[in-house]
């Protein structure tokens with residue numbers, strides 16, 4: 001309470017024969033209704049009490065500007081000077097409570113306390129003080145009983161205030177002597193529970209104890225809903241006795257196990273009238289109802305008035321009780337105070353807050369805390385915790401996994417269009433519902449539905465993403481829809497990652513894959529006028545030319561030196577007997593190798609042994625060269641060479657000429673973003689800083705970018721194989737960067753696949769636990785292999801055949 005918040009003090013007077021009094025706070029009419037509660041109690045008592053013995057009950061209200069010990073002391077001195085028989089309240093003023101207790105103790109005036117228990121307990125509490133509100137020890141024991149009933153071995157306590165550990169001291173002591181684990185998390189000055197809830201979610205703690213007021217409790221539930229922590233996997237236990245003031249309709253549904261305490265006795269004859277009067281007062285004085293239910297302090301003050309009047313009536317039977325005007329400056333005490341306190345400790349009545357009875361210490365005893373749980377019809381009572389008998393549950397609570405079967409259940413399936421997993425049929429515009437879709441995942445979903453006997457409705461994800469976490473901890477895509485309970489299952493090429501497993505559950509992988517690199521095939525130049533030179537490299541052609549020149553020169557010299565190459569072309573002609581010629585002139589020496597190289601021969605034939613040896617060597621050389629050229633020429637003219645400038649992920653990371661990227665919001669992007677491997681970190685820094693963005697919205701966009709620009713696309717190997725088989729201009733670079741699998745996503749807590757079958761109690765079967773074993777049935781029957789073959793291989797043949805026929 002702020003220091004400027006007003007407090008009110010009310011005195012209750014019985015005009016004849018005595019003047020009982022009470023003090024209370026909450027002066028505003030549009031507030032907790034404490035003023036109205038006193039008025040209703042007064043009117044009810046005046047109507048039903050014999051005035052000849054007790055007189056009429058009146059109310060005098062005192063107001064304080066703030067929770068101040070000094071101002072409370074002055075107000076108490078004014079009240080004592082009027083003569084009082086009891087003091088009630090205030091309900092939310094710790095400093096004032098201590099002053100009231102001390103002054104009432106000194107003057108021996110009973111003080112019926114309706115405020116929460118003091119943080120610092122007095123070693124010897126005042127005999128005149130009575131605690132009408134249940135003690136923190138009882139609340140701790142009630143919470144411990146619920147933890148035992150839920151079989152919660154690991155729990156987490158969220159504290160909104162520093163006094164939380166002192167209030168629940170008995171609960172902490174029970175954990176110290178047991179084998180159970182309790183983690184305590186305290187809200188910081190920002191009062192934002194999101195970081196704490198993230199830690200609890202990451203620790204996979206299913207039972208959460210919340211010690212906070214109604215406003216902060218509602219904020220905690222809102223943040224838990226945003227983080228997907230309002231599911232059947234979690235159990236919330238609220239320690240506040242004003243659990244009924246929580247507005248649960250806008251943050252939770254009946255599937256969430258939210259439990260709290262209430263002391264209201266709705267069977268009390270005056271309870272309905274009390275609630276109606278309170279609501280009527282809010283409607284008349286407030287723009288809207290300030291509370292969703294009945295504030296506890298107003299009901300406690302109503303019961304406190306009845307308890308004091310009942311004690312005074314009993315005391316009047318033995319002695320004449322009269323109020324005495326007392327002064328704070330004197331040591332005079334009220335002579336009937338001790339007697340009235342004894343009678344107050346013997347009071348037993350049924351009030352709005354249940355059975356009212358006090359023990360020798362002035363604490364409330366022999367009462368019951370009602371265990372309340374949220375449901376579709378509002379709060380319902382599921383059990384009782386009695387201060388003497390402990391916990392007794394009236395009905396069996398639903399387990400973490402709500403149902404043990406999916407029979408005849410209609411599930412909402414979220415998915416994303418991605419070939420060949422989920423595709424639209426060619427005539428999808430003429431179809432409706434699930435018939436519009438086909439693909440590997442669609443057929444697998446049909447198999448699961450046939451085995452588990454459930455119905456389903458396929459719905460495309462709204463933002464077209466698989467799911468990545470945002471800055472505030474919320475998730476997008478299919479993962480976000482599972483967290484927010486907009487979908488029951490996510491059936492698609494959804495990659496199982498450690499980060500996703502923190503917020504949703506997965507089935508066993510139905511396909512194993514890894515990240516690969518897709519790049520376009522780099523083709524050599526097209527055949528041209530000089531393509532006949534392609535079978536040999538320029539170096540080979542150069543050495544062949546040098547060999548030709550060398551052979552021609554050698555042949556010319558050898559033919560000139562040997563006498564057998566000199567002959568008389570016309571030996572029969574007279575006068576030319578001594579005429580000798582040599583057929584290997586310089587021109588013929590260069591022409592003869594050309595004829596041998598072209599395998600056409602010439603009219604020149606070697607005569608000498610030396611020239612014949614040189615010619616034979618040349619002919620053998622040309623035979624090998626021509627055979628090799630002929631064999632390679634056809635291949636070079638019909639088949640184009642594939643040239644790839646990169647061969648591995650390291651080559652891709654070491655260059656900047658080729659851009660590369662992933663699908664935005666997918667697991668591949670998250671893999672590089674969270675990787676600690678140096679190469680992948682460099683690749684992520686390149687992709688993250690590149691402008692324009694290298695991330696694409698779909699696989700089709702990424703493939704189009706690969707084909708039309710200098711771009712490499714990082715995607716899962718199955719998708720890489722699927723598109724490579726349909727486009728010969730695509731190729732895969734290197735091997736797989738990692739190994740992972742595709743699985744069916746489901747809300748957290750809907751699968752027990754992390755727990756062995758023996759450790760799961762038979763009475764708590766999982767709603768989707770059969771999905772984990774169903775994959776084995778499908779795989780054993782060969783259906784998964786058949787679906788893979790059909791959508792990844794056979795559809796290629798169908799497409800090619802159709803194209804050829806056309």
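What's the number of the only condition in (1) outside the structural domain of residue 82 (by TED's automatic domain parsing); (2) in a loop (DSSP other than H, G, I, E, B); (3) surrounded by 12 or more Cβ atoms within 10 Å (Cβ to Cβ) that residue 274 fails to meet?
Condition not satisfied by residue 274: (2).
Please go through (1) surrounded by fewer than 17 Cβ atoms within 10 Å (Cβ to Cβ); (2) in a loop (DSSP other than H, G, I, E, B); (3) at pLDDT 85 or above for residue 763 and return the number of the only condition it doesn't satisfy.
Evaluating residue 763 over (1) surrounded by fewer than 17 Cβ atoms within 10 Å (Cβ to Cβ); (2) in a loop (DSSP other than H, G, I, E, B); (3) at pLDDT 85 or above leaves (3) as the failure.
Taking the criterion of being touching a residue at least 24 places away in the same chain (Cβ under 8 Å), at positive phi and surrounded by fewer than 14 Cβ atoms within 10 Å (Cβ to Cβ), would at least one residue in region 192-202 satisfy it? So that I can check it myself, show each step before the final result.
As a first pass, look at region 192-202 and keep what is touching a residue at least 24 places away in the same chain (Cβ under 8 Å): 192-194, 196-198, 200-202.
Narrowing the set further to residues that are at positive phi leaves none.
Taking every residue of region 192-202 in turn, none turns out to be touching a residue at least 24 places away in the same chain (Cβ under 8 Å), at positive phi and surrounded by fewer than 14 Cβ atoms within 10 Å (Cβ to Cβ).
Here is a check on your reading of the model: is residue 268 in contact (Cβ under 8 Å) with a residue 24 or more places away in the chain, part of a loop (DSSP other than H, G, I, E, B) and more than 18 Å from residue 34 (Cα to Cα)? Spell out the reasoning first.
On the way: in contact (Cβ under 8 Å) with a residue 24 or more places away in the chain: yes; part of a loop (DSSP other than H, G, I, E, B): yes; more than 18 Å from residue 34 (Cα to Cα): yes.
Here the answer is yes, as residue 268 does meet what is asked.
Go through the residues of region 247-261 one by one and say whether even a single one is surrounded by fewer than 22 Cβ atoms within 10 Å (Cβ to Cβ), in contact (Cβ under 8 Å) with a residue 60 or more places away in the chain and in a helix (DSSP H, G or I).
Checked against the condition, which is being surrounded by fewer than 22 Cβ atoms within 10 Å (Cβ to Cβ), in contact (Cβ under 8 Å) with a residue 60 or more places away in the chain and in a helix (DSSP H, G or I), region 247-261 yields no hits at all.
One line per residue, one yes/no per condition, for (1) outside any loop (DSSP other than H, G, I, E, B); (2) at pLDDT below 85; (3) surrounded by 18 or more Cβ atoms within 10 Å (Cβ to Cβ):
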| site | (1), (2), (3) |
| --- | --- |
| 603 | no, yes, no |
| 617 | yes, no, no |
| 621 | yes, no, no |
| 655 | no, no, no |
| 668 | yes, no, yes |
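On the basis of being closer than 22 Å to residue 467 by Cα and either touching a helix residue (DSSP H, G or I) at 6+ places or on another chain (Cβ under 9 Å) or part of a loop (DSSP other than H, G, I, E, B) (or both), does residue 718 make the cut? It would help to see each step written out before you state the result.
Working: closer than 22 Å to residue 467 by Cα: yes; either touching a helix residue (DSSP H, G or I) at 6+ places or on another chain (Cβ under 9 Å) or part of a loop (DSSP other than H, G, I, E, B) (or both): yes.
Yes, satisfied.
Pick out the one residue from 315, 278, 296 that is closer than 28 Å to residue 358 by Cβ, at pLDDT 90 or above and in contact with a helix residue (DSSP H, G or I) (Cβ under 9 Å, 6 or more places away or on another chain).
Working: 315 fails: at pLDDT 90 or above; 278 fails: at pLDDT 90 or above.
The conditions single out 296.
State whether one or more residues within region 295-304 are within 21 Å of residue 160 (Cα to Cα), assigned to a loop (DSSP other than H, G, I, E, B) and under 28 Å from the mean Cα position of the chain (by Cα).
no
Name the residues in region 123-138 that are modelled with pLDDT of 85 or more, surrounded by fewer than 23 Cβ atoms within 10 Å (Cβ to Cβ) and out of contact with any helix residue (DSSP H, G or I) (no Cβ under 7 Å at 6 or more places or on another chain), would you?
Those that are modelled with pLDDT of 85 or more, surrounded by fewer than 23 Cβ atoms within 10 Å (Cβ to Cβ) and out of contact with any helix residue (DSSP H, G or I) (no Cβ under 7 Å at 6 or more places or on another chain): 131, 135, 138.
Regarding residue 284, is this residue outside any loop (DSSP other than H, G, I, E, B) and at pLDDT below 85? First the steps, then the outcome.
Numbers: outside any loop (DSSP other than H, G, I, E, B): yes; at pLDDT below 85: yes.
It is true that residue 284 is outside any loop (DSSP other than H, G, I, E, B) and at pLDDT below 85.
Could you count how many residues in region 685-700 are surrounded by 14 or more Cβ atoms within 10 Å (Cβ to Cβ) and under 14 Å from residue 659 (Cβ atoms)?
The qualifying residues number 7.
Output the residues belonging to region 184-204 that are in a helix (DSSP H, G or I) and either at pLDDT 85 or above or not assigned by TED's automatic domain parsing to the domain that holds residue 154 (or both).
Scanning region 184-204 gives 194, 195, 196, 197, 198, 199, 200.
Consider residue 228 carefully, then state whether it is in contact with a helix residue (DSSP H, G or I) (Cβ under 6 Å, 6 or more places away or on another chain) and not assigned by TED's automatic domain parsing to the domain that holds residue 165. Please lay out each step first, then the result.
Numbers: in contact with a helix residue (DSSP H, G or I) (Cβ under 6 Å, 6 or more places away or on another chain): yes; not assigned by TED's automatic domain parsing to the domain that holds residue 165: no.
When the stated conditions are applied, residue 228 does not pass them.
Here are some conditions: (1) under 28 Å from residue 133 (Cβ atoms); (2) modelled with pLDDT under 90. Residue 207 meets all but one. Which one does it not meet?
Looking at each condition in turn, residue 207 falls short on (2).
If I go through region 320-354 residue by residue, how many of them are in contact (Cβ under 8 Å) with a residue 40 or more places away in the chain and not in a loop (DSSP other than H, G, I, E, B)?
10
Has region 305-319 got at least one residue that is over 22 Å from residue 44 (Cα atoms) and in a loop (DSSP other than H, G, I, E, B)? First the steps, then the outcome.
Applying the first criterion (over 22 Å from residue 44 (Cα atoms)) to region 305-319 yields 318-319.
If we keep only those that are in a loop (DSSP other than H, G, I, E, B) too, we end up with 318-319.
Checking region 305-319: at least one residue is over 22 Å from residue 44 (Cα atoms) and in a loop (DSSP other than H, G, I, E, B).
Going through region 203-221 one residue at a time, which ones are surrounded by fewer than 16 Cβ atoms within 10 Å (Cβ to Cβ) and farther than 24 Å from residue 145 by Cα?
215, the sole residue that qualifies.
Looking at region 106-122, can you tell me whether even one residue there is surrounded by fewer than 23 Cβ atoms within 10 Å (Cβ to Cβ), part of a helix (DSSP H, G or I) and either assigned by TED's automatic domain parsing to the domain that holds residue 197 or without any contact (Cβ under 8 Å) to a residue 60 or more places away in the chain (or both)?
Looking through region 106-122, none of the residues is surrounded by fewer than 23 Cβ atoms within 10 Å (Cβ to Cβ), part of a helix (DSSP H, G or I) and either assigned by TED's automatic domain parsing to the domain that holds residue 197 or without any contact (Cβ under 8 Å) to a residue 60 or more places away in the chain (or both).
What do you reckon, is residue 673 assigned to a helix (DSSP H, G or I), modelled with pLDDT of 85 or more, surrounded by fewer than 20 Cβ atoms within 10 Å (Cβ to Cβ) and outside the structural domain of residue 495 (by TED's automatic domain parsing)? Before you say what the answer is, go through the steps one by one.
Details: assigned to a helix (DSSP H, G or I): yes; modelled with pLDDT of 85 or more: yes; surrounded by fewer than 20 Cβ atoms within 10 Å (Cβ to Cβ): yes; outside the structural domain of residue 495 (by TED's automatic domain parsing): yes.
So residue 673 passes the test.
For residue 649, state whether it is farther than 19 Å from residue 738 by Cα, touching a helix residue (DSSP H, G or I) at 6+ places or on another chain (Cβ under 7 Å), modelled with pLDDT of 85 or more and surrounded by 13 or more Cβ atoms within 10 Å (Cβ to Cβ). Walk me through it before giving the result.
Details: farther than 19 Å from residue 738 by Cα: no; touching a helix residue (DSSP H, G or I) at 6+ places or on another chain (Cβ under 7 Å): yes; modelled with pLDDT of 85 or more: yes; surrounded by 13 or more Cβ atoms within 10 Å (Cβ to Cβ): yes.
Considered against the rule, which asks whether it is farther than 19 Å from residue 738 by Cα, touching a helix residue (DSSP H, G or I) at 6+ places or on another chain (Cβ under 7 Å), modelled with pLDDT of 85 or more and surrounded by 13 or more Cβ atoms within 10 Å (Cβ to Cβ), residue 649 comes out as no.
Would you pick out the residues in region 289-305 that are over 17 Å from residue 266 (Cβ atoms), surrounded by fewer than 22 Cβ atoms within 10 Å (Cβ to Cβ) and touching a residue at least 24 places away in the same chain (Cβ under 8 Å)? Steps first, please.
The initial filter retains those residues of region 289-305 that are over 17 Å from residue 266 (Cβ atoms), namely 289-290, 297, 301, 304-305.
The next check asks that each one be surrounded by fewer than 22 Cβ atoms within 10 Å (Cβ to Cβ); those that pass are 289-290.
Passing the criteria: only 290.
Identify the single condition in (1) within 22 Å of residue 664 (Cβ to Cβ); (2) at pLDDT below 90; (3) surrounded by 13 or more Cβ atoms within 10 Å (Cβ to Cβ) that residue 533 does not satisfy, given that it satisfies every other one.
(1)
Counting only residues that are in contact with a strand residue (DSSP E or B) (Cβ under 7 Å, 6 or more places away or on another chain), under 26 Å from residue 721 (Cβ atoms) and free of Cβ contacts under 8 Å to residues at least 40 places away in the same chain, how many does region 443-465 have? Step through it out loud before you land on a result.
So the first thing to find is which residues in region 443-465 are in contact with a strand residue (DSSP E or B) (Cβ under 7 Å, 6 or more places away or on another chain), and the list is 445, 449, 454-461.
Still in the list and also under 26 Å from residue 721 (Cβ atoms): 445, 458, 460-461.
In the following step, the residues that additionally are free of Cβ contacts under 8 Å to residues at least 40 places away in the same chain were identified as none.
Summing the residues that are in contact with a strand residue (DSSP E or B) (Cβ under 7 Å, 6 or more places away or on another chain), under 26 Å from residue 721 (Cβ atoms) and free of Cβ contacts under 8 Å to residues at least 40 places away in the same chain in region 443-465 gives 0.
Hey, can you tell me all the residues within region 80-99 that are in a loop (DSSP other than H, G, I, E, B) and farther than 22 Å from residue 323 by Cβ? Walk me through how you get there before you give the answer.
First, the residues of region 80-99 that are in a loop (DSSP other than H, G, I, E, B): 83-86, 89-93.
Matches in region 80-99: 91, 92, 93.
The values are calculated or read from the model by the stated rules, or taken from the named source; none is laboratory data. Here the structure is a predicted model, which is why all the values come from computation and not from measurement. Positions of Cβ are backbone-derived with ideal geometry, glycine not excepted, and every protein chain shown enters the neighbour counts.
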